[in-house]
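> Please find one structure pasted underneath; my questions will follow.
The values are calculated or read from the model by the stated rules, or taken from the named source; none is laboratory data. All values reported here derive from a predicted model rather than from experimental measurement. Here Cβ is always computed from backbone atoms with ideal geometry, including for glycine, and neighbour counts include all displayed protein chains.
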Amino acid sequence: MWRDYLELTKPRLSSLVLVTAAVGFWLGMRPGDSLAPLAPALLGLMLVVGGANALNEWSERELDALMQRTKHRPLPAGRLTPAQAQRFGVGCLMAGLAVLTLFVNALSAGLAAFSAASYLFLYTPLKRRTPLCTLIGAIPGALPPMIGWAAARGALGSGAWALFAILFIWQLPHFLALAALYQEDYARAGFKMLPIIAPDGSATARQLVLYGAALLPASLFPSVTGLTGPASFYGALLLGALFLVIVVGAARRRSLPSARRLFFASILYLPALLALLAWDRVSVASAGTVVRPLVNAPAAAALNYGRVPAFTLIDQRGKSVTRDELRGKVWIADFIFTRCAGQCPMMNREMMTLAQRFRSAPDFCLVSFTVDPAHDTPEVLAGYAQRLEVEGEQWRFVTGSPEAIRELAQGGFHLSTVEGGSEQEPITHSVRLVLVDREGVIRRYYPADDPQAVEQVARDAAALLSTGAPPP
């Protein structure tokens, strides 16, 4: 009986879902992130997907009995009762959502719940009403890599949406080829697939070419956005071109052999592309460098917000910090204070991520200026740095006179300040990271509350480090 319960979960489909989620998790990880959430994320998703598939077979048991390819499933064959399948499906689904909520995060659980709901309550009933069911069904099918990304990062970004676009578009020629192969079966069950309601094949051919052509640029998004490197760009370009040739061939011939060829090509295409994306991210990370966009020049290269004015301040170790001392280094600055309970912990988290990325780069440093110099003495900053487990001189916490800090924040870095301020925040600070080049020129500002902006500052800093020698 356990084999019948396993068959209810559609293990081959569930395995593909877990692979795409794992790739999404891997690509969503930032340096220093732990792999620990991966196991509960995959376990929870496996239970959710298995439960949703079981409930799908429970709701379609009478239709499955009409089709040759599904009549031997456990329910139409009578090896399990509907009540058994329903209890199993609901139990797996609830258990999976509980695992994701308790051991991963609420975002991954919410996406998984939406995926299961749209699969069961939209796609499943629409299969007998409209050929648009294919588009609707592609939404839950494209969510697993986003769930993996959310499990790793706790938030979504352009990389997650790039993976969603690839999976969404890929499913459409895959499903159309499958519908063409089992056209008689689907017609017997009353499913309104496009090859059935338009049997001459012209509408299916047009959509195949449209989706095949759209998949090619979509597969390049991860490289263009800097999620992966140039190798995956050219590899995806080659894979997409080969797949498009097969798609066009199937659209022209409109035969069962060409549909079968397209179906198997789609099965080979997706794992190959996902492996390429994961490998390119791995190869870049293993080389000790930051993933960069396809365009080699830093996004901040053409921007110039002026030179940081001369300053002489003091860090958490009581050492002097001057602008000229930082000459020859690429550095990132922010303005924080130790009593801040809201914005500053977020800023520190992003700065720690950057410190981990560039821990082996001798010409890189981070500088956090306090906006509460009256309270944040070097001793206070030293304790603050110790709590953050900051070691060495790569990340320096800097203080000085209120006048010097205010002039540097407002006149030097062009950040908003308030004269006098308040007891909690003597000088108003901005949730921004500032990139400064080797010459002390401000190149760009980045919102620290945007994960993609933090990725961008890392890429820009890496590009500045890789171009040109330190000035004499």
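> Confirm whether LEU80 is of a type in the set (A, V, I, L, M), part of a loop (DSSP other than H, G, I, E, B), out of contact with any strand residue (DSSP E or B) (no Cβ under 6 Å at 6 or more places or on another chain) and on the phi < 0 side of the Ramachandran plot.
So LEU80 fits the description; yes.
> Taking the conditions exactly as written (within 21 Å of PHE243 (Cα to Cα) and either assigned to a helix (DSSP H, G or I) or in the same structural domain as ALA250 (by TED's automatic domain parsing) (or both)), does PRO140 satisfy them or not?
No; evaluated as a whole, the condition is false for this residue.
> I've got another one for you. Tell me, yes or no, whether segment 342-352 has at least one residue that is assigned to a strand (DSSP E or B), hydrophobic (A, V, I, L, M, F, W, C), at pLDDT 90 or above and crowded, with 20+ Cβ neighbours inside 10 Å.
no
> Looking only at segment 333-365, which residues are of a type in the set (Asp, Glu) and either outside the structural domain of PHE413 (by TED's automatic domain parsing) or closer than 19 Å to GLU393 by Cβ (or both)?
ASP334, ASP363 - these are the residues of segment 333-365 that are of a type in the set (Asp, Glu) and either outside the structural domain of PHE413 (by TED's automatic domain parsing) or closer than 19 Å to GLU393 by Cβ (or both).
> So, in segment 19-36, exactly how many residues are aliphatic (A, V, I, L, M) and surrounded by fewer than 18 Cβ atoms within 10 Å (Cβ to Cβ)?
The total comes to 2.
> Could you please let me know if ALA98 is of a type outside the set (Val, Ile, Thr), under 28 Å from the mean Cα position of the chain (by Cα) and either assigned by TED's automatic domain parsing to the domain that holds GLU184 or at pLDDT 95 or above (or both)?
For ALA98, the condition - of a type outside the set (Val, Ile, Thr), under 28 Å from the mean Cα position of the chain (by Cα) and either assigned by TED's automatic domain parsing to the domain that holds GLU184 or at pLDDT 95 or above (or both) - is met.
> Could you list, in sequence order, all residues of segment 364-387 that are at pLDDT below 90 and closer than 21 Å to VAL454 by Cβ?
Answer for segment 364-387, where residues must be at pLDDT below 90 and closer than 21 Å to VAL454 by Cβ: just VAL371.
> A further question on this structure: Would you check if LEU215 is of a type outside the set (Phe, Trp, Tyr), farther than 27 Å from GLU62 by Cβ and loosely packed, with under 15 Cβ neighbours inside 10 Å?
Taking the combined requirement at face value, the residue does not satisfy it.
> Restricted to segment 444-463, and to residues that are assigned to a helix (DSSP H, G or I) and not small (Gly, Ala, Ser), which residue is surrounded by the most Cβ atoms within 10 Å (Cβ to Cβ)?
The residue in question is ASP460.
> Tell me, yes or no, whether segment 383-392 has at least one residue that is over 31 Å from the mean Cα position of the chain (by Cα), assigned by TED's automatic domain parsing to the domain that holds VAL454 and closer than 16 Å to VAL436 by Cβ.
no
> Here is a follow-up. Can you name the residue in segment 209-223 that is in contact (Cβ under 8 Å) with a residue 40 or more places away in the chain and part of a helix (DSSP H, G or I) and, of all such residues, is nearest to ILE246 (Cα to Cα)?
It comes out as VAL209.
> From the list ALA259, ALA265, ALA278, ALA250, pick out the single residue that is free of Cβ contacts under 8 Å to residues at least 60 places away in the same chain and of a type in the set (A, V, I, L, M, F, W, C).
From the options ALA259, ALA265, ALA278, ALA250, the qualifying one is ALA265.
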